[in-house]
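Asks: This is the structure, below, for whatever I ask next.
The values are calculated or read from the model by the stated rules, or taken from the named source; none is laboratory data. Predicted, not measured: the structure shown is a model, and the values here were computed from it. Ideal geometry is used to build each Cβ from the backbone, glycine not excepted, and the neighbour counts take in all protein chains shown.
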Ligand SMILES: CC(=O)CC(=O)C(=O)O
Ligand SMILES: [Mg+2]
């Protein structure tokens, strides 16, 4: 499972899961988790660059905690969620915001090649409490996002139990848990560095 990318399973992403982020976009906070999919062809790892998709003039960063699923399951009970978590990753849900604003679906605006930069796997023990993890992101060294997973509207057991009512979760699937506030634009030749607690940092250039 260290190599969740090679397994090529699905990326399930959660939208508007932090109140301040929903507010910065003037969006309502959904009562139930709001889910979309990103294709696994959008994965990149450190050493690869983020590429601005054709027609995009407002590419935005979103730093997120990702959950890597370790066991197949559907209708997973809330209290059993941890049995299905293999580990975690730090991820970017890169978003072509001008394409998102054209309307739904978000397949291209959030699914273009390079739209999902990810870290290597973080073990459960290395992360500690996933509901108390600092997520931060800097663009060219300037802090833009500085949030904490304690502010998630729908927590990890809720996300796993909710999603698995509709989609069987499989080993290697990744759930992106939504972004805290502070999202903003990046342009070519800028650098994004982000981190989670003192556990891990990663860095990507925009091409
Ligand atoms: C509209 C969005 O970008 C929603 C999203 O991806 C989020 O993390 O919130
Ligand atoms: Mg997102």
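Asks: Within the set of pairs 6+ apart or on separate chains, which have a first residue in the range 125-138 that is free of Cβ contacts under 8 Å to residues at least 40 places away in the same chain, a second that is part of a loop (DSSP other than H, G, I, E, B), and C-beta atoms under 7 Å apart?
Replies: Close Cβ pairs satisfying both conditions: 131/155.
Asks: Just checking, how many residues over the range 151-166 are closer than 10 Å to residue 131 by Cβ and in contact with a helix residue (DSSP H, G or I) (Cβ under 8 Å, 6 or more places away or on another chain)?
Replies: Final tally of qualifying residues: 3.
Asks: If you don't mind, there's one more thing I want to ask. Going through the range 5-64 one residue at a time, which ones are farther than 26 Å from residue 189 by Cβ and near ligand 1 (Cβ under 9 Å from one of its atoms)?
Replies: Hits for the range 5-64 are 13, 14, 15, 16, 17, 18, 21, 22, 25, 27, 34, 36.
Asks: Determine the pairs where a residue that is farther than 17 Å from residue 196 by Cα, located within the range 63-92, has a partner that is at pLDDT below 95 and surrounded by 18 or more Cβ atoms within 10 Å (Cβ to Cβ) with Cβ atoms under 9 Å apart, the partner being 6 or more residues away or on another chain.
Replies: Pairs that qualify, where the first residue is farther than 17 Å from residue 196 by Cα and the partner is at pLDDT below 95 and surrounded by 18 or more Cβ atoms within 10 Å (Cβ to Cβ), are 69/4; 86/4.
Residues checked against (1) farther than 15 Å from residue 61 by Cβ; (2) within 16 Å of ligand 1 (Cβ to nearest atom):
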position	(1), (2)
102	yes, yes
143	no, no
155	yes, yes
179	no, yes
186	no, yes
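Asks: Can you give me the ranges of the strands (runs of 3 or more DSSP E) entirely in the range 72-150 with at least 1 residues that are within 20 Å of residue 172 (Cβ to Cβ) and in contact with a helix residue (DSSP H, G or I) (Cβ under 9 Å, 6 or more places away or on another chain)?
Replies: 85-92, 116-118
Asks: Can you tell me which residue within the range 160-193, out of those that are outside any loop (DSSP other than H, G, I, E, B) and within 13 Å of the chain's Cα centre (by Cα), is nearest to ligand 2 (Cβ to nearest atom)?
Replies: 176
Asks: Quick one: in the range 49-69, which of the residues that are more than 16 Å from ligand 2 (Cβ to nearest atom) and under 30 Å from residue 131 (Cβ atoms) is farthest from the chain's Cα centre (by Cα)?
Replies: Per the stated criteria, the residue is 69.
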